[in-house]
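The values are calculated or read from the model by the stated rules, or taken from the named source; none is laboratory data. In this text the structure is predicted, and so the values were computed from the model without any measurement. Quick reminder, even Gly has a Cβ in these numbers, built from the backbone with ideal geometry, and neighbours come from all protein chains shown. Remember, those area values only see protein heavy atoms, side chains included, never the ligands or the DNA or RNA. Shrake-Rupley method; radii C 1.70, N 1.55, O 1.52, S 1.80 Å.
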Amino acid sequence: QVQLVESGGGLVQAGGSLRLSCVASGISFSPNSMAWYRQAPGEQRELVAAMTFSGRTNYADSVKGRFTISRDSFKNTVYLQMNSLKPEDTGAYFCNWLVITNNYWGQGTQVTVSS
């Protein structure tokens with residue numbers, strides 16, 4: 001009964017900021033990695049940011065310097081801080097947790113950046 005629930009999406013003007021949250025439930029073990037993906041209309045899903053259990057991070061080139069992935073283990077939550085948002089950041093953002101060998105996905109939260 002693993003469940004990931006994203007929140008924090010919405011409509012924001014270009015140059016603005018949003019913080020996405022992903023709360024996990026039903027997961028007994030620490031994740032091997034946590035990640036955020038996004039999918040824009042008519043495009044394939046792409047990796048935005050990832051973090052290993054040890055704290056190593058990886059970002060898509062398009063968001064480096066603007067997005068930051070972080071984790072609060074006490075709240076079982078992973079965040080994506082998005083600054084200097086651009087219209088091309090628009091899309092559905094999905095949280096992903098890798099636990100042991102299983103991948104778990106949230107249902108997504110919509111981010112729309114107006115120009």
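Against the list (1) of a type in the set (Phe, Trp, Tyr); (2) assigned to a strand (DSSP E or B); (3) free of Cβ contacts under 8 Å to residues at least 24 places away in the same chain, the condition TYR37 fails is (3). In the range 92-115, the residues that are crowded, with 17+ Cβ neighbours inside 10 Å form Cβ pairs under 6 Å with partners that are hydroxyl-bearing (Ser, Thr, Tyr) and in a loop (DSSP other than H, G, I, E, B), at six or more places apart or across chains, as follows: VAL113/THR90. For GLY65, the criteria (1) of a type outside the set (Phe, Trp, Tyr); (2) under 13 Å from GLY8 (Cβ atoms); (3) outside any strand (DSSP E or B) hold in every case but one, which is (2).
Apart from one condition, GLY8 fits all of (1) at pLDDT 95 or above; (2) over 17 Å from TYR79 (Cα atoms); the exception is (2).
Among the residues of the range 63-91, which ones are surrounded by fewer than 14 Cβ atoms within 10 Å (Cβ to Cβ) and at pLDDT 95 or above? Outline the logic, then answer.
Filtering the range 63-91 down to residues surrounded by fewer than 14 Cβ atoms within 10 Å (Cβ to Cβ) leaves 64-65, 72-75, 84, 87-88.
Once the filter is applied, which keeps residues that are surrounded by fewer than 14 Cβ atoms within 10 Å (Cβ to Cβ) and at pLDDT 95 or above, the range 63-91 yields LYS64, GLY65, SER84, PRO87, GLU88.
Remark: ALA50 matches the filter, which requires a residue to be out of contact with any Asp or Glu (no Cβ under 8 Å at 6 or more places or on another chain), more than 14 Å from GLY106 (Cβ to Cβ) and hydrophobic (A, V, I, L, M, F, W, C). Checking the structure you have, find out if any residue of the range 9-28 is among the polar types (S, T, N, Q), farther than 26 Å from SER115 by Cβ and surrounded by 13 or more Cβ atoms within 10 Å (Cβ to Cβ). No, the range 9-28 has no match at all. If you take the residues of the range 77-91 that are of a type in the set (A, V, I, L, M), assigned to a strand (DSSP E or B) and in contact (Cβ under 8 Å) with a residue 60 or more places away in the chain, which of them is nearest to PHE29 (Cα to Cα)? Among residues in the range 77-91 that are of a type in the set (A, V, I, L, M), assigned to a strand (DSSP E or B) and in contact (Cβ under 8 Å) with a residue 60 or more places away in the chain, the one nearest to PHE29 (Cα to Cα) is LEU80.
Among the conditions (1) outside any strand (DSSP E or B); (2) under 24 Å from GLY26 (Cβ atoms); (3) touching a residue at least 24 places away in the same chain (Cβ under 8 Å), PHE74 misses just one, which is (3). Take the residues in the range 29-61 that are of a type in the set (A, V, I, L, M, F, W, C), open to solvent by less than 50 Å² (accessible area, probe 1.4 Å) and over 11 Å from the mean Cα position of the chain (by Cα), then tell me which one is modelled with the lowest pLDDT. So the residue we want is ALA40. Scanning the range 10-35 for residues that are under 15 Å from TYR93 (Cα atoms) and either in contact with a Ser or Thr (Cβ under 9 Å, 6 or more places away or on another chain) or among the basic types (Lys, Arg) (or both) yields GLY10, LEU11, VAL12, SER17, ARG19, LEU20, SER21, CYS22, VAL23, MET34.
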